[in-house]
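So the structure is just underneath, and the comments pick up after that.
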Amino acid sequence: IKQFIDRGYLSRYEYYSVRPNSEVQRELDSVTTFQNGDYTDADMTRICDNDHIRAQIVETYLKYAAGKKGIIYTINKVHNNNLCADFNKVGVRTVAIDSKTPATVRKQYIDDFKAGLIDIICNVNIFSEGFDCPDIEFIQLARPTQSLSMFLQQIGRGLRAVEGKEKCLFLDNVGLYNRFGLPSANRKWLYHFLG
C-alpha cells in the first residue's frame, strides 16, 4: 500500500484512532468469546451500540471531518440505524444501507451520495469491496473486527486516488489501528494468516 501511495496509485491519508487505554479498547480487549474468528454481534453491540460510544463517533466526525463525504462501517442493522439517526439529529445528511435495503433505494442513495446530496452512508458490510466512489473524503470505523482482510477492505474504499483529492481521513473509533497498525504498514503476512 505504501508503494502504491508513493507512486500516486492510492490516496495519501491521515489516520485518527482511539488510544490503547480508551474505554472502548479496554472493553474490546476483555472479550474472550469469538465466533468464526471474530467478535460476536452480542459483544460488539454491548460495547459499541450505546449512547455514549455513538456520541463519541459523532463528535469525532464533527472534530475531524465535518462537511466531508464519507462512509461509516457499522455492526448490524440496529447499530446502523441508530448511528444514522444520531448523525441526522445534528444536521448531517446521512442514510443507512444494509442487506435489506431495496435495490432501487440503494441505487438512489448512492447516486445522491455521488452527487453530494448526502454526506454520509452508514452501512453494514455493503461497501467493504467493489464500491466505486473515489472522491470519498473519510472512512469511519464503528465496527470492531479481528479480521485484517476486513479492515483492509474497509479502508480501501477511502484509498482510491482521484484528481483533486489531497487525502482521505480515517476515523477509527474502535481501535483497529491498535490491532493492525496503519493501512500502509509493512505487514508480516505469514503471522496474520497463521496467527
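Among the residues of the range 140-164, those identified as open to solvent by 30 Å² or more (accessible area, probe 1.4 Å), in contact (Cβ under 8 Å) with a residue 24 or more places away in the chain, over 20 Å from residue 98 (Cβ atoms) and within 19 Å of the chain's Cα centre (by Cα) are 146, 152, 160, 161.
Among the residues of the range 47-65, is any modelled with pLDDT of 95 or more, surrounded by 21 or more Cβ atoms within 10 Å (Cβ to Cβ) and more than 23 Å from residue 158 (Cα to Cα)? Within the range 47-65, one or more residues are modelled with pLDDT of 95 or more, surrounded by 21 or more Cβ atoms within 10 Å (Cβ to Cβ) and more than 23 Å from residue 158 (Cα to Cα). Scanning the range 77-104 for residues that are modelled with pLDDT of 95 or more and among the charged types (D, E, K, R), we see that the one that is surrounded by the fewest Cβ atoms within 10 Å (Cβ to Cβ) is 89. Look through the range 14-46, keep the residues that are under 29 Å from residue 164 (Cα atoms) and open to solvent by 50 Å² or more (accessible area, probe 1.4 Å), and return whichever of them is nearest to the chain's Cα centre (by Cα). Top of the filtered list is 16. Pairs are defined by a Cβ separation below 8 Å, a sequence spacing of at least 6 or placement on different chains, a first member in the range 39-55 that is in contact (Cβ under 8 Å) with a residue 12 or more places away in the chain and farther than 16 Å from residue 81 by Cα, and a second member that is surrounded by fewer than 12 Cβ atoms within 10 Å (Cβ to Cβ) and of a type outside the set (Asp, Glu); the pairs so defined are 43/33.
The values are calculated or read from the model by the stated rules, or taken from the named source; none is laboratory data. Being a predicted model, the structure only gives us computed values, none of them experimental. Note that we place each Cβ from the backbone using ideal geometry, even for glycine, and neighbour counts take in every protein chain shown. Keep in mind that these areas ignore ligands, DNA and RNA; they rest on the heavy atoms of the full protein, side chains included. Shrake-Rupley method; radii C 1.70, N 1.55, O 1.52, S 1.80 Å.
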